[in-house]
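As structure tokens, the structure follows; a few thoughts come after it.
Derivation of every value follows stated rules applied to the coordinates shown; laboratory data play no part. Since this is a predicted model, take the numbers as computed values, not measurements. When we count neighbours, we look across all protein chains shown, and the Cβ atoms used for this are built from the backbone with ideal geometry, even at glycine.
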Amino acid sequence: MTYLEKRSVGRNPPVATPRSMRVVTEEIGTDLERFSASNSHVVKQIRLLAINALIEAARAGETGKGFAVVANEVQRLAQVASDIAGKFESNVLGRIGLSRSMAESLVNEMEGVRLTDLAQTLIQLIVRNLFERTADVRWWATDTALWEALQDPNKEHASFAAERLGVINRFYTVYLDLVLTDLSGRVVASANPNFQRKIVGSSLASAPWFQAASRCANGDDYIVDEVRQSHLHGDRTALVYATGVREGGKLDGKIVGTLGVYFDWQNQGQAIVDKEANLPPQVAEQTTVLLLDGSNRIIASNNPALVFTHFALQNQAGQPRGHYYDNNGSIVAFAKTLGYEDYDGLGWHGVVIQRTEEDSAIRSSLDLR
């Protein structure tokens, strides 16, 4: 049974990663350097022994001539061994040095590229999802039930508007609520029956999304609020997309109110960082996944305690994607959204932070001593 076969008995096979390959290469290089040094030391000792033998043969005179022949041959073999050791050092150790350098570059490149691709994938997943929200709000704002409830306000029209919004909300589970307001900011209708009694009749005049939506220039225009807690909905985290509701549902009609759709960020954003990364359990334990808004505020994380704190992304050059190692030796990979269609993505970033395995731990797992 070979050494590798003995090691494999009762043990999981070693995991091949760029970092483990670098450690193995380093160990091979170290062993060869030790072998070369030991060989050089032995050659020196043989040379000294041959010289001493020649000296003693000379002292012995005629009787030592036979021994002198042996001593000269030993000295010649020592020189041959020295030449071989020199070639070994210049060729094999030189190549090992090159492989060490390449292994180090491979670690930096493969770890960084792999995690950067993951960060890009995650941010694009949510941005593509949110692009659809921009279409939804502008489309639904043209619904007859909505503009009629604002143009001709009465209990019947308001009830029908709430019914229409409720149908939408029932089939579009990504929404927490859909809210219709008049131009004063008073809520005329709400889609979610769990919050209707509290919300309808209340004022959203001071809400940033309402103020921005009431200034939309036409039916193609829309606004996106910040990810924030909605006090109207039990402090659940939401992202509001909103636009103006116009007379007759026309793109250039006079604005008569607003429609705000509350995207359920608490569930949808969390699903991206928790599930879509799809990391093995042992890797997930060492990995923090973040989504950042345009101000580098953490708006989703697989570590919920970090949400709404600021993340100091080290990207002075303003690169759209990249990676670096932080002060703890963890690799930080980041990617800015590419946007989707006519949605620019709001400058959001995906970030993946992963603790790197220490070389000592890799040596122990591979039984390298």
Under 5 Å, built H, 5+ apart or other chain: amide partners of ARG321: LYS336
Honestly region 293-336 on the Cα gyration tensor test (a ≥ b ≥ c root eigenvalues; a/c under 1.5 rounded, otherwise a/b vs b/c for prolate or oblate) is just oblate
Residues whose built amide H sits under 5 Å from the amide H of TYR340, excluding neighbours closer than 5 in sequence, are GLY345
Relative to the present Cα-Cα distance, how much length would full extension add between VAL70 and ILE168 at 0.36 nm per residue of separation? 25.2 nm
Which lysines, if any, have their Cα less than 30 Å from the Cα of LYS275, not counting same-chain residues under 8 positions apart? LYS336
On a straight-distance basis, which lysines could pair with LYS198 in a cross-link, Cα separation under 22 angstrom, same-chain partners fewer than 8 positions away excluded? LYS155
What ranking of HIS157, HIS349, HIS310 emerges when the number of other C-beta atoms within 10 Å of each C-beta is taken as an exposure proxy, fewest first? HIS310, HIS157, HIS349
Apply the Karplus parameterisation 6.51 cos²θ - 1.76 cosθ + 1.60, with θ equal to phi minus 60°, to every residue of region 177-189 and state each ³J(HN,Hα) to the nearest whole Hz, in sequence, with x for glycine and proline. 6, 10, 10, 10, 10, 8, 5, 7, x, 6, 6, 8, 8
Note down the nm distance, to one decimal, between modelled labels 7 Å out along Cα→Cβ at ARG114 and at LYS198. 4.5 nm
So if R0 is 51 Å, what FRET efficiency would ASN91 and ASN278 give, r being the distance between their Cβ atoms, rounded to the nearest 0.05? 0.70
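Can you give the FRET efficiency for GLU156 and SER206, using 1/(1 + (r/R0)^6), R0 = 45 Å, r = Cβ-Cβ distance, to the nearest 0.05? Provide the component values of the computation, followed by the final result.
On the way: r = 29 Å, r/R0 = 0.65.
Computed FRET efficiency for GLU156 and SER206 comes out at 0.95.
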Hull volume in cubic angstrom per residue (convex hull over the Cα atoms of region 109-170): 79 Å³
Spacing of the two label points (7 Å from each Cα toward its C-beta) at ARG355 and ALA81, in nm: 4.9 nm
Using 0.36 nm times the number of residues separating ALA271 and LEU346, minus their current alpha carbon distance, what extension gain do you get? 25.0 nm
Could you give the length gained on full extension between LYS44 and ALA317, defined as 0.36 nm per residue of separation minus the Cα-Cα distance, in nm? 92.7 nm
